[in-house]
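Below: the structure, in structure tokens.
The values are calculated or read from the model by the stated rules, or taken from the named source; none is laboratory data. The structure presented is a predicted model; accordingly, all values stated were derived computationally and were not measured. Reconstructed Cβ throughout: ideal geometry from the backbone, glycine too, with neighbour counts over all protein chains shown.
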Amino acid sequence: MSLEKTMTLAKTMSLATTQTISKAMSKVPVPSLPAWINRRMTDADEYGSRTFDRSFIVLGLIMYMVGLVMVASSSIPVAERLFNNPFHFVIRHGIYIGLSLAMAGVALQIPMSWWHKNSSYLLGFAIVLLVTVLLIGRTVNGSTRWIVLGPITVQAAEPAKLFFFCYLSAYLVRRREQVMENLKGFIKPLIVFAVMAALLLLQPDLGTVIVMFVTTFGLLFLAGAKLWQFIAMATVGATLLGMLAYFEPYRWRRVTSFLDPWQDPFGSGYQLTQSLMAYGRGEVLGQGLGNSIQKLEYLPEAHTDFVMAVLAEEFGFVGISVVLLLSMTLVYKALILGRCALAKEKYFEGFLAYSIGIWMCFQAAVNIGASAGIVPTKGLTMPLISYGGSSMIVMTLALVILIRIDHEIRLQSMQATSSKRSAKKVTKPNEKKVVLANGD
């Protein structure tokens with residue numbers, strides 16, 4: 001076969017492959033939304049001259065400041081006792097915010113194509129972190145979750161969540177047709193999830209497993225998997241989670257104490273009863289900043305997992321409502337951004353924005369629900385508010401990814417608009433010349 005024929009055949013095969021992928025991706029279902037959301041999206045397409053959405057930065061900074069104030073208010077008593085420095089946790093939290101902003105500045109320069117291309121390597125790095133923490137990790141309160149790197153500690157489960165969602169989004173772009181049409185494509189990402197879940201349960205960290213399971217479930221649903229697959233996945237997942245809780249005594253005590261914490265208010269129900277007292281004292285407007293009683297070492301983990309209970313006591317129902325509104329706005333914008341990305345045929349970006357939105361929504365709901373006695377306590381932080389360096393940095397990276405996705409979509413729209421204007425300017429003089437030639 002001659003060289004020319006070989007090159008022609010290669011071009012034909014490449015074109016056929018491209019057309020096949022385009023047809024498969026064109027089947028991506030864009031879930032129908034209420035008319036008022038669609039109108040909001042239509043307005044969002046008129047970007048003007050802005051190259052990114054400033055409201056993401058505003059929301060993030062406000063939540064940073066709320067978290068810094070609440071960590072300062074809730075951690076002073078325990079910091080005074082443990083370190084003889086009432087501002088120990090406040091200083092560290094401020095350093096974590098500074099590190100988060102520095103890493104955000106770097107991550108903002110990374111294009112989304114890099115995250116897509118290196119998603120498999122990021123997943124491998126996440127698994128290495130989960131294995132490493134089991135070998136050399138620090139154990140606190142019976143859980144081995146932290147890798148000590150000099151003066152800082154890294155909670156391996158936090159970056160593992162983000163990297164797994166990157167991998168899952170890239171997998172749905174590559175194998176979406178398999179996910180929709182056969183069981184094999186649906187099972188493959190679940191096998192990867194099962195491996196990571198097993199490593200997390202060895203720490204043990206059931207809360208992170210539940211967050212990853214719910215996000216995976218929601219993302220596969222949005223990707224268009226079949227209904228019977230979801231019913232099977234939900235049934236198997238609920239059964240396994242129930243067995244994990246039932247056959248582990250301390251987990252079962254959490255479930256039973258959550259159902260009736262006042263049955264053992266000084267034992268298994270102590271933390272929840274103290275948290276409920278904080279909510280009760282807060283009433284509508286709260287007791288005022290710094291006037292919480294429960295933070296005086298009555299409520300354990302007041303500056304981490306139960307910071308929202310102290311916020312409820314000091315700022316009442318109004319304060320909790322404001323924080324919920326901030327979180328809901330951020331989640332809403334992430335989900336709308338995911339839909340816009342899919343509409344612009346940026347499928348990896350769309351799926352990743354969806355996964356970040358579901359992740360933030362569920363983790364915030366579990367954190368507030370646990371402190372309010374709505375769900376069992378799971379040890380999950382409040383995104384961008386609770387004390388914790390790993391959670392703060394990873395959540396900031398997730399927010400930066402949303403900003404980068406929005407930036408790239410806006411640039412694509414601006415370039416398309418400028419191309420259309422240039423085409424019009426070139427076409428009009430040519431049309432006039434044709435008329436003159438015909439007139440001659």
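Against the test of being surrounded by 12 or more Cβ atoms within 10 Å (Cβ to Cβ), modelled with pLDDT of 90 or more and either assigned to a helix (DSSP H, G or I) or of a type in the set (D, E, K, R) (or both), the options GLY60, GLY98 yield a single qualifying residue, GLY60. Taken over region 171-194, the residue count meeting the criterion of being in contact with a helix residue (DSSP H, G or I) (Cβ under 6 Å, 6 or more places away or on another chain) and either more than 19 Å from LEU240 (Cβ to Cβ) or aromatic (Phe, Trp, Tyr) (or both) is 10.
Here's the yes/no breakdown for (1) in contact (Cβ under 8 Å) with a residue 60 or more places away in the chain; (2) closer than 30 Å to ALA416 by Cα; (3) under 29 Å from the mean Cα position of the chain (by Cα):
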residue	(1), (2), (3)
VAL236	no, no, yes
PHE247	no, no, no
ARG251	no, no, yes
PHE258	yes, no, yes
GLN263	no, no, no
ARG281	no, no, no
TYR332	no, yes, yes
GLU345	yes, yes, yes
PHE348	yes, yes, yes
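GLU297 meets each of the listed conditions (1) crowded, with 16+ Cβ neighbours inside 10 Å; (2) in contact (Cβ under 8 Å) with a residue 60 or more places away in the chain; (3) over 28 Å from the mean Cα position of the chain (by Cα) apart from (1). Inside region 331-354, residues that are in contact with a Cys (Cβ under 7 Å, 6 or more places away or on another chain) and closer than 13 Å to HIS407 by Cα make up a count of 0. Where helices (runs of 4 or more DSSP H) sit wholly within region 204-313, those with at least 2 residues that are of a type in the set (A, V, I, L, M, F, W, C) and touching a Gly at 6+ places or on another chain (Cβ under 8 Å) occupy 206-222, 270-282. Filtering VAL90, VAL71, VAL66 for residues that are touching a His at 6+ places or on another chain (Cβ under 7 Å), among the β-branched types (Val, Ile, Thr) and modelled with pLDDT of 90 or more leaves a single hit, VAL71. Screening TYR167 with (1) at pLDDT 90 or above; (2) more than 30 Å from GLU345 (Cβ to Cβ); (3) not aliphatic (A, V, I, L, M) gives one miss only, at (2). When ALA197 is tested against (1) small (Gly, Ala, Ser); (2) touching a residue at least 24 places away in the same chain (Cβ under 8 Å); (3) within 24 Å of LEU244 (Cβ to Cβ), only condition (2) is not met.
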